[in-house]
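Undergrad: Here it is, the structure, as structure tokens.
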Amino acid sequence: MIPSVILWHLFFFVSFVIEGISGHVSSWVNAHATFYGANLSPSTLGGACGYDNTIHAGFGVNTAAVSGALFRGGEACGGCYQVMCDYKIDPKWCLRGGVVTVTATNFCPSNNNGGWCDPPRHHFDMSMPAFLHIARQGNEGIVPILVSCRRRGGVHFTLRGQGNFNLVMISNVGGSGDVRGAFVRGSRTRSWVPMHRNWGANWQGNVDLRGQTLSFKLNLVDGKLLQFFNVVPSSWRFGQTFASKTQSS
């Protein structure tokens, strides 16, 4: 994680309710939030998830580094959290009606000394632009959070690697945004080939797919299955990014 300057603390609750699966809040989990320094450019903070630029990845500047309890070894990369400060509970620091959707793009490491990101705490170190959508620069408050998001445009597939080593960065995924499993199939491949998480949002495959039209299948943490057929043309080259027309096809 890129070092951050913790200036203020904001206490909130986290509810793991996925849009489209549950229409109500069933339970709340205690969590905390901070924001990092105003002089850092949020667009560059791809951090542990490997996004080269959060704007290029489709996430904008409303991002957050999450603690290990949420990061889950990179599974949370691209996950969205709709954050709303509870004005009724803490009108001093909360903005009335303030709400923002943040994307997990980085890891907030534990210092094993009672820090905010130490396990088992659920913690968000938010970009300053995101934080200021919901609260003033104060030292405490209470914020309810819903896990859900809607993405504009399709899913992005950035092809990296060389030869038969394929590294695909997957971004701008809607729903929960958390990719649990990824598969690729070439136009000359008979079946889906499983990919393995290399690090963060980067998935690795060791089959030679050069000169083939590529399709992808994604399993999300919320149980959804997304399939993208022929989303990458056979003329693709390493370093290029391709996007599906919609969030599923």
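Undergrad: At a Cα cut-off below 17 Å, give the lysines reachable from Lys217, other chains included and same-chain residues fewer than 8 away excluded.
TA: Lys245
Undergrad: In debye, nearest 20: dipole of segment 160-218 around its Cα centre with unit charges on the Cβ of K, R (+) and D, E (-)?
TA: Dipole of segment 160-218, to the nearest 20 debye: 160 debye.
Undergrad: Also: What FRET efficiency do you get for Lys245 and Asp208 if R0 is 35 Å and r is their Cβ-Cβ distance, rounded to the nearest 0.05? All intermediate terms of the calculation are to be shown ahead of the outcome.
TA: On the way: r = 27 Å, r/R0 = 0.77.
The formula returns an efficiency of 0.80 here.
Coordinate-derived values only; no laboratory data. Note that this is a predicted model, so its numbers are computed, not measured. For neighbour counting, all protein chains shown are included, and Cβ atoms are generated from backbone atoms with ideal geometry for every residue, glycine included.
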